[in-house]
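So the structure is just underneath, and the comments pick up after that.
Derivation of every value follows stated rules applied to the coordinates shown; laboratory data play no part. The structure displayed is predicted, hence computed values, not measured ones. Cβ sites come from the backbone with ideal geometry, for glycine too, and all protein chains shown count toward neighbours.
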Amino acid sequence: MLEGVELEKSETGSLCFTIEDISNELKDVIRARLSEICHGAAKASRASVIYSYKKTLTAFFEKFDTKSADTQKGMIGELLTHVLFLHYEDEFRAASPFFNMEEDSIKKGFDLVLHHKGTSEIWFVEVKSGECGVETCINKLGSLLSLAKNGLKTALNSERNTLWQNAVNGASLVIQSSGLKSQIETLLESYNEKAVAGESMSTDHNAVLVAVCFSGDQAFATGAEFEGRHTTQKDMSEFRDLMSIALQKDTIQSVVDFLRSEVDDG
């Protein structure tokens, strides 16, 4: 367990992360994984300076600083999801990069594509982030979870070729092993074929819904409360299988301040 991070995990597939502090342990994990998260493991393993930690931070802020406040919250929420989920749930590997491949932007398409090492199944992730304002944390998490569900369901039912091609291209950048890369690409291409034929259905796919809540002055929700919201979504049976993740922090500021201080230290 990372210092400053509390995780409450249920047997039904919900995980509730509460970040009390950007501790030195959490900072070390971010430092160790940032390049891999942003560029993909295959690129991050190369010796080029452009995939170094410092250059990756610079590239992150080139994207971050031009965005609206809401999009910035989304970027921090998605980054924290990559960091914490893949640190604690190490049976999964990322099969997509955080950075967009086509333009100076965060990527289009699925927020994150995961490959389960044990089952070889693909899981598609949708992240929604927001501030509580006057709402309680659990109510905000519930509404963000519903938004994530609707967004991912629409994508998985979509005939959009570019959505699936981005997933295939992302896997080719991220996965280092040529055999595994080919296996994942073939699976994603089969999904793409079904989509363009109008046969893609969300009930054929595994989903991870992520709700990132910046609480302000509101009290954090409990893992048991969040499991209730997860169960509500799971009982709707709109995906093959479902995991739900809550990520709670007071504000994005301490994360941004830490990342910016790492650039300045260079």
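Please work out the ratio of the alpha-carbon Rg of region 178-266 to 2.2 N^0.38 Å and round it to two decimals. Before the final figure, lay out the partial values.
On the way: Rg = 19.3 Å, N = 89, 2.2 N^0.38 = 12.1 Å.
In units of the 2.2 N^0.38 Å rule of thumb, it is 1.59.
Report, in debye and to the nearest 20, how large the dipole of region 120-177 comes out about its Cα centre when Lys and Arg carry +1 and Asp and Glu carry -1 on their Cβ.
80
Label points 7 Å out from Cα along the Cβ direction at T162 and D217: separation in nm?
4.4
Given the DSSP H assignment, sum -39500 (n - 2.57) over each helix run of at least 4 residues in the chain and divide by its residue total; what's the result at 222 nm in deg cm²/dmol, nearest 500?
Roughly -16000 deg cm²/dmol at 222 nm, from the helical runs in the chain.
Any idea how far apart E91 and Q176 come out in nm if each label point goes 7 Å out from Cα toward Cβ?
2.3
Multiply the residue separation of T71 and S45 by 0.36 nm, subtract the distance between their alpha-carbon atoms, and state the gained length in nm to one decimal.
That pair, T71 and S45, stretches by 6.5 nm at full extension.
Using only alpha carbon positions, build the gyration tensor of the chain, then give the equivalent ellipsoid semi-axes as the square roots of 5 times its eigenvalues, largest first, whole angstrom. Don't skip to the answer; put the middle values down first.
Values: eigenvalues 137, 122, 53 Å².
After diagonalising the Cα gyration tensor, the semi-axes are 26, 25, 16 Å.
Given the pairs K43/K249; K153/K194; K9/K249; K128/K249, which span a C-alpha to C-alpha distance of over 19 angstrom in this model?
Too far apart for the 19 Å limit: K43/K249.
Of all GluC sites (Glu not before Pro) in region 143-216, which ones are in loop regions per DSSP and have a Cβ with at most 12 other Cβ atoms within 10 Å?
E199
Restrict the search to region 206-253; then list the trypsin sites (Lys or Arg not before Pro) that DSSP places in a loop and that have at most 16 other Cβ atoms within 10 Å of their Cβ.
R240
What trypsin sites (Lys or Arg not before Pro) does region 46-97 have in DSSP loop regions with at most 12 other beta carbons within 10 Å?
R46
Residue separation times 0.36 nm, minus the C-alpha to C-alpha distance between M236 and N139: what's the value?
33.1 nm
About the Cα centre, and with charges only on the beta carbon of Lys, Arg (+1) and Asp, Glu (-1), how big is the dipole of the chain? Nearest 20 debye, please.
Here the size comes out at about 700 debye.
What FRET efficiency comes out for M201 versus E11 if R0 is 22 angstrom and r is the Cβ-Cβ distance? Round to the nearest 0.05.
On the way: r = 27 Å, r/R0 = 1.23.
Efficiency computed from Cβ-Cβ geometry: 0.20.
About its Cα centre, how strong a charge dipole does region 128-266 have in debye, to the nearest 20, once Lys and Arg get +1 and Asp and Glu get -1 at the Cβ?
320
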